[in-house]
Amino acid sequence: MEYNNLPAKRLNDPGGEDKPQIFRTLRNIDLNLLTIFEAVYVHKGIVNAAKILNLTPSAISQSIQKLRAIFPDPLFIRKGQGVTPTAYATHLHEYISQGLESILGALDLTGSYDKQRTITIGCSPSVGVLVMPAIFQAVKEHAPQLLLRNVPLNEPDVQLAQFQTDLVIESGSFSARALGQNVLYADNLVLVCRRQHPALSEPLSIENLRNYDHSSFMTEGQSNHALRQRIDEIFPERQISFSSYNMFTTASLIGSSDMLCIMPSRLYNLLRKCWPLENIPLSQLNAESIEISLHYNKLSLRDPVLENVIRIIRQAF
């Protein structure tokens, strides 16, 4: 083989530090050549690489010649029935193999490539503290290569429709046909106050409870108008003097005032560990419940990785 007449202009010629130079350089390279390079390197021969890639040995040889015109090295030297890589080729292999693995991981269309991928899940803070621990444990058990990222909700139906987030977990439902929904669990509602609240020592009646200000828990993008209406029927003309997107702020306020708040029982049982909260038993309210659902774009079901995550989450509840 003759390598003395290789072109002077090489891949590693200085061309400036700016990013556009990188794209101009890559544009001049047929990236399929890198696949052929890897096949020849791994299988230690042109004939073997040709069989793996379903190409002719001649086509593989021509591709290697093109690579030699790009890189300042012969790359492979004939040895017996095969070839042996040069030191420079070994250096290239370390980077090219990592790059191809990263591309395969990003283009994992079958869900079988065991590489990291980030799944985004949008939910409000009050829902996140209840569902994310169980989701994290389930995903780590069944798909440990996946990473989870919890993102805030702005317009959840838009976020799903425009693929700004993979999944959304919240109460209520969306009217768009393109969005799917699975109920994870239903939670009864409870009326919450601080410990030693005056209402705890008074006769339990709607009239007495109406004397106290209320805080609203329907403030985190939830849109269950029917439930709101039923609550208003239980507490007609109730005075809502405080609302917050964050239930932790609300719990702190309830624990230090005479304000009342309606919240899901699971959230109450969690928050009472941090703040001095008590449950006022009220059968009319306790009979009401709120459903927490997993929402997704139906087109996402074509993605086997995301479809598997949806199945894992459903089975966790």
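About the centre of its Cα atoms, the chain shows a dipole size close to 1280 debye [charges on the beta carbon of Lys, Arg (+1) and Asp, Glu (-1) only; nearest 20 debye]. Kindly provide the Kirkwood hydrodynamic radius of region 58-200 in Å, to one decimal, from all pairs of distinct alpha carbon atoms. By the Kirkwood definition, the hydrodynamic radius is 20.7 Å.
With N counted as the residues of the chain, its alpha-carbon radius of gyration over 2.2 N^0.38 Å works out to 1.57. Under the membrane-span-like helix rule (DSSP H runs whose alpha carbons stretch at least 24 Å along the helix axis, mean Kyte-Doolittle hydropathy 0.0 or higher), the chain yields 87-106, 125-142. Within region 174-317, all pairs of alpha-carbon atoms sorted by distance into 5 Å bins from zero give the percentages 2, 9, 17, 19, 17, 12, 9, 7, 5, 3, 1, 0. Carbon and sulfur: what percent of the chain's accessible surface (1.4 Å probe)? Here carbon and sulfur together make up 51 percent of the probe-accessible area.
Once the 1.4 Å probe is applied to the protein heavy atoms, the chain comes out at 56 Å² accessible per residue. Set against the 2.2 N^0.38 Å expectation for a compact globular protein, region 127-225 has a Cα radius of gyration ratio of 1.49.
The values are calculated or read from the model by the stated rules, or taken from the named source; none is laboratory data. All figures in this text were calculated on a predicted structure; none of them were measured in a lab. Positions of Cβ are generated from backbone atoms using ideal geometry, with glycine treated the same way; all protein chains shown enter the neighbour counts. Heavy atoms of the whole protein, side chains included, go into the accessibility calculation; ligands, DNA and RNA do not. Shrake-Rupley method; radii C 1.70, N 1.55, O 1.52, S 1.80 Å.
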